[in-house]
Amino acid sequence: MKRSTPNIPPVLEFTEDFFSLLAWARDEEEDIEGQHFKDLTFNNEDFSQLSFRESLFENCDFSDCNFEKIDGRDLRFKSCSLSNSSFAEGYFNRCEFFACKLVGADFFQAQLENFLATDSSFQYANFSKAKLKALAISQCDFSEATISECKLTQIKLDDVNFSQTSFFKTPLKGLDFTSCQIDGLIVSIEALSGAVVTTFQAAELAKLMGLIVR
């Protein structure tokens, strides 16, 4: 799998007045780019329909915020909390998440391309009807998440927890789950066709067909 990485300048501008920057971007219909956002905390705020480019978010808390229809490109998030925030119908390209919390985040009908997540939690997150292409996910928690009616292309998985995750109406052909936890996976028999699993995982998945494996 070939995944494009973020193009972030080595020198970024520290933002001192975050809300003034957002107001300027809305008024002038301009992108927010080349910024280093650090140690910011904003909850229940509206950041919908904004465009962020070539920026770094570090140790920020944007829980319970509205990022609907966000346009994010060439972004890196480090040790950030975005739990229970909405990214519905948003677009992410060349974005990376390291040690972040996105518990209960909503990515309904979002589009994610060239996306990396490592050591992060997406537990209970919603990816219904999302388009996911060229994703690398490692050491992440997607337990009890909803990844239903999705289009998955070029997905690389390494040590991901998919316990009780719903892949309802999402074809899993080509996905390699051999390093992942998939106990209690919610998926149709047809969607499993072409998925790569271990012998033990296959025995567990056989229960979906009503088989008794001894």
Item to check | Single match in SER120, SER166 (criterion: within 19 Å of SER193 (Cβ to Cβ) and among the hydroxyl-bearing types (Ser, Thr, Tyr)) | outcome: SER166
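Scan segment 83-96 and give yes if some residue there is under 14 Å from the mean Cα position of the chain (by Cα), of a type outside the set (Ser, Thr, Tyr) and within 21 Å of ASP159 (Cα to Cα), otherwise no.
Yes, the conditions are met somewhere in segment 83-96.
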Item to check | Filtered residue count, segment 191-206, keeping only those that are assigned to a loop (DSSP other than H, G, I, E, B), surrounded by 13 or more Cβ atoms within 10 Å (Cβ to Cβ) and not β-branched (Val, Ile, Thr) | outcome: 1
Checklist outcome for this item: Selection from segment 126-151 of residues of a type in the set (Lys, Arg) and either over 16 Å from ALA191 (Cα atoms) or touching a Lys or Arg at 6+ places or on another chain (Cβ under 8 Å) (or both) yields LYS131, LYS133, LYS151
Next on the checklist: Residues that are of a type in the set (D, E, K, R) and touching an Asp or Glu at 6+ places or on another chain (Cβ under 9 Å): does segment 13-21 have at least one?
Outcome noted: no
Item to check | segment 100-116 residues that are modelled with pLDDT of 95 or more and part of a loop (DSSP other than H, G, I, E, B), paired with ones that are of a type in the set (Val, Ile, Thr) and buried (at least 20 other Cβ atoms within 10 Å of the Cβ) (beta carbon under 9 Å, 6 or more apart) | outcome: ALA110/ILE70
Item to check | Near pairs, Cβ below 7 angstrom, 6+ apart or cross-chain, from segment 12-38 (more than 24 Å from SER79 (Cβ to Cβ)) to any residue that is in a strand (DSSP E or B) | outcome: ALA25/ILE32; ASP31/SER51; ASP31/ARG53
Checklist outcome for this item: Scanning segment 167-190 for residues that are of a type in the set (A, V, I, L, M) and surrounded by fewer than 18 Cβ atoms within 10 Å (Cβ to Cβ), the one modelled with the lowest pLDDT turns out to be ILE189
Next on the checklist: Please go through segment 127-137 and give me each residue that is surrounded by fewer than 22 Cβ atoms within 10 Å (Cβ to Cβ) and either touching a helix residue (DSSP H, G or I) at 6+ places or on another chain (Cβ under 7 Å) or within 15 Å of GLY104 (Cβ to Cβ) (or both), ordered by number.
Outcome noted: SER128
Checklist outcome for this item: In the set GLN123, GLN164, GLN154, the lone residue that is among the polar types (S, T, N, Q), in contact with a Phe, Trp or Tyr (Cβ under 9 Å, 6 or more places away or on another chain), at pLDDT 95 or above and closer than 28 Å to GLU190 by Cβ is GLN123
Item to check | Only one of SER79, SER48, SER20, SER86 that is at positive phi and of a type outside the set (Asp, Glu) | outcome: SER79
Item to check | Output for segment 20-72, where each listed residue is hydroxyl-bearing (Ser, Thr, Tyr), surrounded by 15 or more Cβ atoms within 10 Å (Cβ to Cβ) and not in a strand (DSSP E or B) | outcome: SER48, SER63
Item to check | Of residues in segment 138-166 being assigned to a strand (DSSP E or B) and among the small types (Gly, Ala, Ser), the one surrounded by the fewest Cβ atoms within 10 Å (Cβ to Cβ) | outcome: SER138
Checklist entry - Among the residues of segment 3-19, which ones are over 14 Å from LEU116 (Cβ atoms), in a loop (DSSP other than H, G, I, E, B) and among the charged types (D, E, K, R)? => result GLU16, ASP17
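The values are calculated or read from the model by the stated rules, or taken from the named source; none is laboratory data. Computed from a predicted structure; not experimentally measured. Backbone-built Cβ (ideal geometry, glycine too); neighbour counts: all protein chains shown.
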